[in-house]
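Okay, structure first, notes after.
Only the coordinates and a few stated rules stand behind these numbers; no lab work does. Nothing here was measured: the structure is a model prediction, and the numbers come from that model. Here the Cβ positions follow ideal geometry from the backbone for every residue, glycine too, while neighbour counts run over all protein chains shown.
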Amino acid sequence: MDIFLSFLIGILSGVISGVYTGIICSKYAAIEEIKREVLRAIRRVEYVDGKYIRGHHPKDIEAIFLASSELLGMGQTEAGKVIRTIYNKMRDEFDQNSYGKPLTPDLIDDFQPQVRLLKINKIKLLKFW
C-alpha cells in the first residue's frame, strides 16, 4: 500500500511540476519572441545621409507599440514602458525628420541594446495565475 501511495504521489507531483514548468517556459518564450519582433521592426528602418529611406512610417513601427501593449498585459510593466518609450522616440524622430530636422546620430542603433537587455520581472514570470 505504501509503495502504491508513494508511486501515485510521485506521478502527481511530477505532472504538476511539469505543467508549471511548461507554463513558465511558454511565458519566457513569448517575451523573447516579443523582443525579436521589436528588434526586427527597428532593423527595418533604413537611412542614408541623415534622411530616412524605408521603415519610418507609423504603420512600419506599429509592431513596437503592439509589443509594448503585450508586455504590459503580461505584467512586465518596466519592459513594456521601455518599449513604449522607444516607440514614442522613434515616432518623434520620424516626425521631426519629415519637417527637415537632421537625423539624431545613432538613435536607432542605440535602441537595439535596450531591447536586448530588457529587464524581465521574474516574479510575474513565475506566477502562473
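Couple of notes before you dig in:
- FRET efficiency estimate (nearest 0.05) - Cβ-Cβ, Lys124 to Gln96, R0 35 angstrom: 0.50
- Mean residue ellipticity (222 nm) of the chain, computed from DSSP H runs ≥ 4 via -39,500 (n - 2.57), nearest 500: -24000 deg cm²/dmol
- Length available on full extension from Val19 to Arg54: 0.36 nm per residue minus the Cα-Cα distance, which gives 8.2 nm.
- Compared with the dominant Cα axis of the chain, that is its longest principal axis, helix 2-43 is turned about 0°.
- Rounded, prolate or oblate (a/c below 1.5 giving rounded, otherwise prolate when a/b exceeds b/c) for the chain by Cα gyration tensor: prolate
- Angle between the chain longest axis and helix 107-116 axis [Cα atoms, degrees, rounded to 10]: 0 degrees
- The count of lysine pairs in the chain with alpha-carbon distances below 22 Å, taking only pairs 8 or more places apart or on different chains, stands at 27.
- Estimated distance in nm for a label pair at Asp109 and Ser69, the labels positioned 7 Å out from Cα along Cα-to-Cβ: 3.3 nm
- Distance between the 7 Å Cα→Cβ label points at Leu117 and Phe4: 6.0 nm.
- Global geometry of the range 67-119, whether rounded, prolate or oblate, following the gyration tensor of its Cα atoms and the 1.5 cut on a/c: oblate
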